[in-house]
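Q: Got a structure here, written out as structure tokens. Questions coming.
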Number of protein chains: 2
Amino acid sequence: MATTPELPSELDARLSDPTALIPVIVQEVDSDEVLMLAWMNKAALLATMETGAATYWSRSRSELWVKGATSGNTQQVDSIELDCDSDALLMRVKQKGVACHTGARTCFGKRLS
Amino acid sequence: MATTPELPSELDARLSDPTALIPVIVQEVDSDEVLMLAWMNKAALLATMETGAATYWSRSRSELWVKGATSGNTQQVDSIELDCDSDALLMRVKQKGVACHTGARTCFGKRLS
């Protein structure tokens, strides 16, 4: 039987509230390009750690969302790091295809002047 | 008289609520290393754009916070980009010294296994 991944205690406590979400910075492991900012609840984080496939909480659809399940633009997880105050994650991934729903490589690019 | 920077309308609308905050991914422009995730309200964003010095909203102290004002570890802004759905920013900076209050170069690094 597969074991459930263990989370650092501060992160586990933060995500024990079923409505709690943590922001996830998603970075391409080969290019270091920042692809997107997404959100995870505890179930999304555990699913990501168990499967190696980036899984987020969709705030617009209020459901778990396996990135690329529909589009094929999946993200294979290379590493996940927690920050110093346990309220943000940095996840490095191998991006298949493009990251953005607009068809762009990344979700960023609209420059403020 | 200096003019106030203009924000894209969707971002301006989002930040018109005085309690609204937007997450900011902070990336070192020379190394592409992700340094931290911080938060801005409209005043912080406008101050950052006007001065070129990264200015955030401190959620713990509930006040504007010029990064490095005390420590000297300032961030000089290179570019700011908005994402596709206008709810996250990617800011590329030149980091003086270290980014993290712990003395580490970045706020990330605690690897989840």
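No lab work stands behind these numbers, since they all come straight from the coordinates. The shown structure was predicted, so the numbers you read here are calculated from the model rather than taken from an experiment. All Cβ positions, even for glycine, are placed from backbone atoms using ideal geometry, and neighbour counts span all protein chains on display.
Q: Which distances in nm, rounded to one decimal and ordered from shortest, link the label point of B:Arg59 to the equivalent label points in the other identical copies, with labels set 7 Å from Cα toward Cβ?
A: 1.0
Q: With 10 angstrom as the radius, rank B:Ser71, A:Ser9 by how many other C-beta atoms surround their C-beta, starting from the fewest.
A: A:Ser9, B:Ser71
Q: Still on this structure, I have one more. Could you quickly flag the chain B residue whose beta carbon comes closest to the rotation axis taking B to A, and that distance in whole angstrom?
A: So the closest residue, with its distance, comes out as B:Asp32, 2.
Q: I would also like to ask the following. Treating cross-link reach as a plain straight distance, find the lysines whose alpha-carbon is under 21 Å from the alpha-carbon of B:Lys94, omitting any fewer than eight places away in the same chain.
A: A:Lys110, B:Lys67
Q: Same structure again: With everything on Cα atoms, drop me the angle between helix B:42-51 and the longest principal axis of chain B, reported from 0 to 90° to the nearest 10.
A: Result, in degrees: 70.
Q: So for B:Thr51, A:Thr74, fewest C-beta neighbours within 10 Å to most, what's the order?
A: Starting with the residue having the fewest Cβ neighbours, the order is B:Thr51, A:Thr74.
Q: While we're looking at this one, here's another question. Roughly how many Å is it from the Cα centre of the range B:24-53 to that of the range A:1-45, as a whole number?
A: After rounding, the separation between the Cα centres reads 22 Å.
Q: Of A:Val29, B:Val24, how do they rank once you tally other Cβ atoms within 10 Å and put the fewest first?
A: The fewest-first ordering by Cβ neighbours comes to A:Val29, B:Val24.
Q: Go through the range A:1-49 and name the GluC sites (Glu not before Pro) that are in a DSSP coil and have 11 or fewer other Cβ atoms within 10 Å of their Cβ.
A: Those that pass, being in a loop and sparsely packed, are A:Glu6.
Q: Can I ask one more? If you filter the range B:73-113 for trypsin sites (Lys or Arg not before Pro), then keep DSSP loop positions with at most 14 other Cβ within 10 Å, what is left?
A: Those satisfying the criteria are B:Lys96.
Q: Another question, then. Measuring from a point 7 Å out along Cα→Cβ, what nm distances, shortest first, does B:Gly103 have to its partners in the other copies?
A: 5.2
Q: In addition: If each label sits 7 angstrom from Cα along the C-beta direction, how far apart, in nm, is A:Glu10 from its counterparts in the other copies?
A: Distances between equivalent label points, in nm: 3.4.
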